[in-house]
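Take a look at the structure set out below.
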Amino acid sequence: MQSAAVHDRVWLDKQTPEIFHALNSVALAVRTAAAAAGLSRAVMELVNVRVSQLNRCAFCLDLHYRYARDAGVTAQQLAVLDAWRRAPYLFTEQERAALQLAETVNSLPDDEITDGEYAAARQHLSDDQISVLIWAATTIGAFNRVSIMSKHPVRVRKEN
């Protein structure tokens, strides 16, 4: 297959599309499981945006910002998402637990910290919700890496 290189990068989604399609299938399964576990699309998009912020994935931030707005996440929530702990009244307990769990999954700190964060998540999330959120953070992290390593461009678009 011909390489879809941009600035000497291989576009992983184009070079090995079968793997990218499998990753998309995982994302769809996560979305379905989230709905079944009672997690709103807004919570899931907050996780997607937050993990993409941490990984500095411009492509995924651009995409999931729009999805988050469509899911009902407010502009104010997105504006302060990087400092969500300092804006406790803008996020529900479930959203805060989801964001903390997503950050823990993304950074994989030592066991003592991970155990504490996991215990805190259990106060506001069911086992099904915890499982789905860990899968969501893992999946968006994989997409972040695909886009960053492929150097997917963020295209200028007309604002609504």
(1) open to solvent by 40 Å² or more (accessible area, probe 1.4 Å); (2) assigned to a helix (DSSP H, G or I); (3) under 19 Å from SER52 (Cβ atoms) all hold for GLU112 apart from (3)
Just one of ALA29, ALA79, ALA87 is open to solvent by less than 30 Å² (accessible area, probe 1.4 Å) and out of contact with any His (no Cβ under 6 Å at 6 or more places or on another chain); which is it?
ALA87
LYS151 fails exactly one of (1) surrounded by 14 or more Cβ atoms within 10 Å (Cβ to Cβ); (2) out of contact with any helix residue (DSSP H, G or I) (no Cβ under 8 Å at 6 or more places or on another chain); (3) over 25 Å from TYR65 (Cβ atoms), namely (3)
Do we find that ALA87 is under 25 Å from VAL26 (Cβ atoms) and not β-branched (Val, Ile, Thr) in this structure?
no
Residues being in a helix (DSSP H, G or I) and open to solvent by 20 Å² or more (accessible area, probe 1.4 Å): count how many of those fall in region 65-76.
7
Every residue in region 50-62 that is closer than 20 Å to VAL156 by Cβ and within 10 Å of the chain's Cα centre (by Cα), please.
SER52, CYS60, LEU61
Within region 51-60, does at least one residue satisfy the condition of being among the polar types (S, T, N, Q), open to solvent by 20 Å² or more (accessible area, probe 1.4 Å) and at pLDDT below 95?
no
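Residue by residue, here is whether (1) touching a residue at least 40 places away in the same chain (Cβ under 8 Å); (2) more than 22 Å from ARG155 (Cβ to Cβ) holds:
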{"position": "GLN15", "(1), (2)": "no, no"}
{"position": "GLY38", "(1), (2)": "yes, yes"}
{"position": "ASN48", "(1), (2)": "yes, no"}
{"position": "HIS64", "(1), (2)": "yes, no"}
{"position": "LEU78", "(1), (2)": "no, no"}
{"position": "THR92", "(1), (2)": "no, yes"}
{"position": "ASP110", "(1), (2)": "no, yes"}
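The values are calculated or read from the model by the stated rules, or taken from the named source; none is laboratory data. Just so we're clear, the structure is a prediction, and the values are computed from it rather than from any experiment. Quick reminder, even Gly has a Cβ in these numbers, built from the backbone with ideal geometry, and neighbours come from all protein chains shown. Heads up: the accessible areas ignore ligands, DNA and RNA and are worked out on the full protein's heavy atoms, side chains in. Shrake-Rupley method; radii C 1.70, N 1.55, O 1.52, S 1.80 Å.
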